[in-house]
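Participant: My structure is below; once you've seen it, I'll send some questions.
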Amino acid sequence: MSGTTDPVCTETTPSAARGGPVSIALAKVARMHRIAAGRRLRELGLYPGQEMMMMRLWDCGPVRQSELIQSLGLDASTVTKMVQRLEQCGHVRRGPDPADRRAVLVEATDEGRTLRAGVEGVWSDLEALSLNGLAPDDRAELARLLGLVAENLREEAGEAGACPAPPGGC
């Protein structure tokens, strides 16, 4: 190989994504937001995504694990691993559902509830950082437009938000 760099490899937008400038921008924003959230959540002892589960538990109280899977839009193995990690840290506990002993209820512990103020701070900081330089009307318009984009993608994502398997099964 020669020491020259292919000009295609120095462009910021991959050539296959040129037909989707908004989609590539959304992917970049989502990735950067997750990284920024991860750095802040790490100070609370959480991984990205775990705060979403905790928010659900704080708002709803004990929830069946199957309902968490559906409401978070994640696959069962991801939610199971997340619950196990949060349980090991003392933030949640699992137990049988008194209405159906085959079902598992997940609830925040007292220790888990103490994370709420920190998570609220993380989300407030992320909001300020993400929207820095945008006027209030622009912020409202961005939220409205992103809501429309999310609604457009809802059916494709399915009710649980699960991604379909790619062709070929990888």
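Participant: For q values of 0.18, 0.21 Å⁻¹, compute log₁₀ I(q)/I(0) with the Debye formula on a Cα-only model of the range 1-155, without solvent.
Facilitator: For the requested q values the scattering log ratios are -1.17, -1.35.
Participant: Taking only the alpha carbons of the range 13-55, what extent do you get along each of the three principal axes, in Å, biggest first?
Facilitator: 39, 17, 11
Participant: Quick check: residue separation of Ala135 and Thr109 times 0.36 nm, minus the Cα distance between them. What number comes out in nm?
Facilitator: Result: 5.4 nm gained on full extension.
Participant: Pairing the Cα long axis of helix 116-131 with the longest principal axis of the chain, what angle in degrees results, from 0 to 90 and rounded to the nearest 10?
Facilitator: Computed tilt is about 20 degrees.
Participant: Output ³J(HN,Hα) for the range 19-33: one whole-Hz value per residue in order, computed from phi by the Karplus curve 6.51 cos²θ - 1.76 cosθ + 1.60 with θ = phi - 60°, and x for Gly and Pro.
Facilitator: For the range 19-33, the Karplus curve yields x, x, x, 6, 4, 5, 5, 4, 4, 5, 4, 4, 5, 5, 5 Hz.
Participant: Sticking with this one: GNM, the chain, Cα, under 10 Å: largest mean-square fluctuation among Ser130, Ser23, Ser66?
Facilitator: Most flexible of the set in this elastic network: Ser23.
Participant: Arranged from highest to lowest average of other beta-carbon atoms within 10 Å per residue, in what order do the peptides 118-129, 141-152 appear?
Facilitator: 118-129, 141-152
Participant: Can you give the relative contact order of the chain as a percent, counting alpha carbon pairs under 8 Å and 6+ residues apart?
Facilitator: 22 percent.
Participant: With labels modelled as points extended 7 Å from the Cα through the Cβ direction, what inter-label distance (nm, one decimal) is found for Arg154 paired with Trp58?
Facilitator: 2.5
Participant: Amide H neighbours of Ala103 under 5 Å, counting only residues 5+ apart in sequence or on other chains, H built in-plane at 1.01 Å?
Facilitator: Correct list: Asp97.
Participant: Here is a further query. Ignoring ligands, DNA and RNA, what accessible area per residue does the chain give at 1.4 Å, in Å²?
Facilitator: On a per-residue basis, 70 Å².
Participant: May I ask for the angle, rounded to the nearest 10°, between helix 76-88 and the longest principal axis of the chain, with both axes built from Cα atoms and the value confined to 0 to 90°?
Facilitator: 60
Participant: Using the Karplus curve 6.51 cos²θ - 1.76 cosθ + 1.60 with θ = phi - 60°, work out ³J(HN,Hα) for each residue of the range 89-94 in order, rounded to whole Hz, and write x for Gly and Pro.
Facilitator: 7, x, 8, 9, 9, 10
Participant: Give me the percent of accessible area attributable to carbon and sulfur for the range 1-154, probe 1.4 angstrom.
Facilitator: 55
Participant: Using only the alpha-carbon atoms, how far is helix 50-60 inclined from the longest principal axis of the chain? Give it as 0 to 90 degrees, nearest 10.
Facilitator: The angle comes out near 50 degrees.
The values are calculated or read from the model by the stated rules, or taken from the named source; none is laboratory data. No experiment lies behind these values; they were computed from the predicted model shown. Positions of Cβ are generated from backbone atoms using ideal geometry, with glycine treated the same way; all protein chains shown enter the neighbour counts. Side chains included, ligands, DNA and RNA excluded: accessible areas come from the protein's heavy atoms. Shrake-Rupley method; radii C 1.70, N 1.55, O 1.52, S 1.80 Å.
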